[in-house]
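Heads up: the structure comes next, in structure tokens.
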Amino acid sequence: MSRPASGGDEVLHRARRAIASAQTVEQLRQAQAVVLPLDYGLSLTGTAQIIGVSPGWVCQLRRRFMRGQLAGTPDAPAAGGRKRQNMSVQQEREFLAPFLEQAATGGVLVVGQIKAALDKRLGRKVALASAYNLLRRHGWRKLAPDKRPPQK
């Protein structure tokens, strides 16, 4: 048996007001994640089934509401992002600048050279895909010539 949901009267009152004034689905779900277990004694799993999210996400929504991080506000944590980045976007731009300048003036962009420089910059070996991903993030794409000769 799971433990009963905790919260308190003040949190419950705030959540009920949030349901009444919710302007987005995220805000409504967050408030429901607080109200349903406290008012109706639902478990996190039951609450998750009703509001259409996973039990883990219900727990996240509840904790964020209790901390005052309301969904859909500028201070709310955003999902996604670059969690394991090697360099900031600006550092990547500076790192790629010489290679892209050389390619822009008619040179050839050699991904192997970029990978070697990236290995040296980071002080460890990285996968070749890391170099390709770096280039893709900064708008580079491989331009391949036509494989067929022109028709006469």
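The values are calculated or read from the model by the stated rules, or taken from the named source; none is laboratory data. Remember, predicted model here, so these are calculated numbers, not experimental data. All Cβ positions, even for glycine, are placed from backbone atoms using ideal geometry, and neighbour counts span all protein chains on display.
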Consider only pairs whose beta carbons are under 9 Å apart and that are at least six residues apart or on different chains; among these, list those whose first residue lies in the range 108-122 and is farther than 18 Å from residue 136 by Cβ and whose second residue is among the charged types (D, E, K, R). 119/125
Within the range 1-58, of all residues that are of a type in the set (D, E, K, R) and farther than 19 Å from residue 69 by Cβ, the one modelled with the highest pLDDT is 39
Can you give me the number of residues within the range 6-49 that are closer than 14 Å to residue 62 by Cβ and not in a helix (DSSP H, G or I)? 5
Looking only at the range 115-130, count how many residues are assigned to a helix (DSSP H, G or I) and surrounded by 15 or more Cβ atoms within 10 Å (Cβ to Cβ). 4
Within the range 55-114, count every residue that is assigned to a helix (DSSP H, G or I) and of a type outside the set (A, V, I, L, M, F, W, C). 17
Return the only residue of 61, 38, 44, 70 being touching a residue at least 12 places away in the same chain (Cβ under 8 Å), in contact with a Cys (Cβ under 9 Å, 6 or more places away or on another chain), closer than 22 Å to residue 15 by Cβ and surrounded by 10 or more Cβ atoms within 10 Å (Cβ to Cβ). 44
